[in-house]
Amino acid sequence: MLQPIQADALERRGCIAHGFFGRQGGVSEGIYAALNCGLGSKDARDLVGENRGRVAGHLGVAPDRLLTAYQHHSTDAIVVREPWTFASMPKADALVTATPGIAVGALAADCAPVLFADAEAGVIAAAHAGWKGALGGVLESAVATMEQLGARRSRIDAVLGPCIGPAAYEVGPEFEANFIGRSPENARFFKRPSADARPYFDLPAFVLHRLGAMGLGVVESQTRCTYTHPESFFSYRRTTHRREPDYGRQISAIVLL
């Protein structure tokens, strides 16, 4: 049974369906169990297709109208007007649409998924924000592209979904220096358990900070730590630490009805 996380900011919008889907309710097995929606994984394509079809059905759309992109940790945001195939899948990290019946989604396995909606304008978006995309401006690109379709910042609701939490995201000093080099204020998103320890990065706090700085209508957090909840979420970092050969991806998606 699918058990997506729902956000109050989006749930109250009668013209929108959405969900931050975890790993429950699918048909994949082993390290991909169960709701692996990652077409880029080495999981059997037919099983991934069935999983994505279940998500599409939950959102009330046909399987071929649940769309994700080839995500490459960029700031690219594109407008979606019609479905595409796996072979024609574009590269992007934010999908924006004003077309009812097309569900746009973000895949993640530690990176931060963010869903956006201006219900009055009928414009929605899904963004994939890892540290590189968040720092570079993928969230801002998503909002700017929504504005091109008639959205207004003051009406946009944005919700952060499950991603890796600060207690599990150990990074190197060069990683920290990169952020602080952009702005000294970014130092507050790093903590060390001791003076000589490596820093830990608070990705959800950084994403919420970037969202909050844009003057949006509502910014809501529905995050959970993907690393520390293996029964609920896929995690690239946990897979790496366990020396597993591959990992699944959860999907967060939104659609105008």
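The values are calculated or read from the model by the stated rules, or taken from the named source; none is laboratory data. Bear in mind that the values here come from a model prediction, so they are computed numbers and not experimental data. Using ideal geometry, Cβ is built from the backbone for each residue, glycine included, and neighbour counts are taken over all protein chains shown.
Under 19 Å from Trp131 (Cα atoms), assigned to a loop (DSSP other than H, G, I, E, B), of a type in the set (S, T, N, Q) and modelled with pLDDT of 95 or more - does that describe any residue in region 224-233? Please lay out each step first, then the result.
Initial filter on region 224-233 (under 19 Å from Trp131 (Cα atoms)): 224-228, 233.
So of that shortlist, the ones also assigned to a loop (DSSP other than H, G, I, E, B) come out as 224, 226-228, 233.
Narrowing the set further to residues that are of a type in the set (S, T, N, Q) leaves 226, 228.
Subsequent filtering for residues that are modelled with pLDDT of 95 or more retains 226, 228.
Yes; the residues of region 224-233 include at least one that is under 19 Å from Trp131 (Cα atoms), assigned to a loop (DSSP other than H, G, I, E, B), of a type in the set (S, T, N, Q) and modelled with pLDDT of 95 or more.
Here's the yes/no breakdown for (1) within 23 Å of Arg238 (Cβ to Cβ); (2) at pLDDT 95 or above; (3) out of contact with any strand residue (DSSP E or B) (no Cβ under 8 Å at 6 or more places or on another chain):
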residue: Val61; (1), (2), (3): no, yes, no
residue: Leu66; (1), (2), (3): no, yes, no
residue: Phe86; (1), (2), (3): no, no, yes
residue: Gly105; (1), (2), (3): yes, yes, no
residue: Ala125; (1), (2), (3): no, yes, no
residue: Gly130; (1), (2), (3): yes, yes, no
residue: Val138; (1), (2), (3): no, yes, no
residue: Val143; (1), (2), (3): no, yes, no
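Yes/no matrix, rows are residues, columns are (1) part of a strand (DSSP E or B); (2) touching a residue at least 24 places away in the same chain (Cβ under 8 Å); (3) surrounded by fewer than 17 Cβ atoms within 10 Å (Cβ to Cβ):
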| residue | (1), (2), (3) |
| --- | --- |
| Val114 | yes, yes, no |
| Ala126 | yes, yes, no |
| Leu135 | no, yes, no |
| Leu139 | no, yes, no |
| Val143 | no, yes, no |
| Glu147 | no, no, yes |
| Ala158 | yes, yes, no |
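Could we say that Pro245 is more than 27 Å from Ala98 (Cβ to Cβ) and at pLDDT below 95 here?
Values: more than 27 Å from Ala98 (Cβ to Cβ): yes; at pLDDT below 95: no.
Judged against the criteria, Pro245 is not a match.
For region 234-257: of the residues being over 15 Å from the mean Cα position of the chain (by Cα) and part of a loop (DSSP other than H, G, I, E, B), which is nearest to Gly122 (Cα to Cα)?
Filtering region 234-257 for residues over 15 Å from the mean Cα position of the chain (by Cα) gives 237-247, 256-257.
Pick out the ones that are also part of a loop (DSSP other than H, G, I, E, B) and you get 243-247, 257.
Numbers: Arg243: 44, Glu244: 42, Pro245: 41, Asp246: 38, Tyr247: 35, Leu257: 10 Å.
So the residue we want is Leu257.
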Region 68-101: number of residues that are more than 18 Å from Val123 (Cβ to Cβ), of a type in the set (S, T, N, Q) and in contact (Cβ under 8 Å) with a residue 40 or more places away in the chain: 4
Among (1) of a type outside the set (A, V, I, L, M); (2) more than 11 Å from the chain's Cα centre (by Cα); (3) closer than 21 Å to Gly136 by Cβ; (4) crowded, with 22+ Cβ neighbours inside 10 Å, the one test that Thr97 misses: (3)
